[in-house]
Amino acid sequence: MAYDRFIAICRPLHDGTIMGSRACVKMAAAAWGTGFLSALLHTANTFSIPLCQGNTVDQCFCEIPQILKLSCSDAYLREVGLLVVSGSLAFGCFILIVVSYMQIFTAVLRIPSEQGRHKAFSMCLPHLAVVSLFVSTATFAYLKPPSISSPALDLVVAVLYLVVPPAVNPLIYSMRNKELQEALRKLIQEVLLQQQ
C-alpha cells in the first residue's frame, strides 16, 4: 500500500506502467511468501515444543506467547531466533513504509494547492494510521515484559492488532466513495431525527 501511494503521488504519470499487473503480482507474492515463511517457522516451532500444563489457552486467540506459557521446556533460544527472523522481516517492511512515506510527504508538501495537499494526505493518513496501530500493538504484544501480562490485557492487545486493522481497512477505503458518504450522512440524519 505504501508503495502504491508513493507511485500515485510521486509518479502519477507513470502509475499505469509502474503499477501494472506484473508489479502487483510480484508484490503480492513477496507479501504472501514472507507471511508464509514466518507462519511456517512459528508453526514448526510451536509443534516442536512439549506442553506440560495442558493444552488450554487462556484466550480466544491461539497465539505464540500464550502457547509458550503452556510449555514445560525452555524454549527461550528457539523463540529468540524466531523473533529475530520475524523482527527482521517486519523491520524490513517497516523501513520500506517509512522511506515511502517520507518521500510521499516531501512530495505532498511541495504541492502548491491546499486542495491537492488535502487530497493526498486524506489518501495516505488512513493507511498510515492502520499500519501504526498494527505495528505498535503487535510490538507491544510480543515484546512486553511478562510481569505486566494478564489475560485481559493480552486479549485486548490481541484484538487491537488481529481484528481491528482488517476490520477498519474496508471502512476507511470505502469512505472515499461519495455514494457511501451520502448514504452514511442520510443514515445519521435519520437516526438523529428519530431520537428527537
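The values are calculated or read from the model by the stated rules, or taken from the named source; none is laboratory data. Fair warning: this is a prediction, and the values are worked out from it, not measured in the lab. Note: ideal-geometry Cβ built from the backbone for every residue, glycine included; neighbour counts use all protein chains shown. Heads up: the accessible areas ignore ligands, DNA and RNA and are worked out on the full protein's heavy atoms, side chains in. Shrake-Rupley method; radii C 1.70, N 1.55, O 1.52, S 1.80 Å.
A single member of VAL80, VAL98, VAL131, VAL84 is open to solvent by 60 Å² or more (accessible area, probe 1.4 Å), in a helix (DSSP H, G or I) and within 28 Å of TRP32 (Cα to Cα), and it is VAL84. I need the full set of residues from the range 125-149 which are hydroxyl-bearing (Ser, Thr, Tyr) and modelled with pLDDT of 80 or more, in order please. Matches in the range 125-149: SER132, SER136, THR137, THR139. The listed residues are GLU114, GLU182, and the only one of them that is open to solvent by 70 Å² or more (accessible area, probe 1.4 Å) and farther than 30 Å from CYS10 by Cβ turns out to be GLU182. Checking each residue in the range 74-106 for being under 15 Å from HIS42 (Cβ atoms) and of a type in the set (Val, Ile, Thr) picks out VAL80, VAL84, VAL85.
Pairs linking a residue in the range 134-160 that is closer than 24 Å to GLY81 by Cβ and acidic (Asp, Glu) to a residue that is open to solvent by 40 Å² or more (accessible area, probe 1.4 Å) and outside any helix (DSSP H, G or I), with Cβ atoms under 8 Å and 6 or more positions apart or on different chains, are ASP154/ASP58. Among residues of the range 7-36 that are under 20 Å from LEU89 (Cβ atoms), those with a beta-carbon under 8 Å from a residue that is modelled with pLDDT of 80 or more and open to solvent by less than 100 Å² (accessible area, probe 1.4 Å) at least six positions away or on a different chain give the pairs THR34/LEU89; THR34/CYS93.
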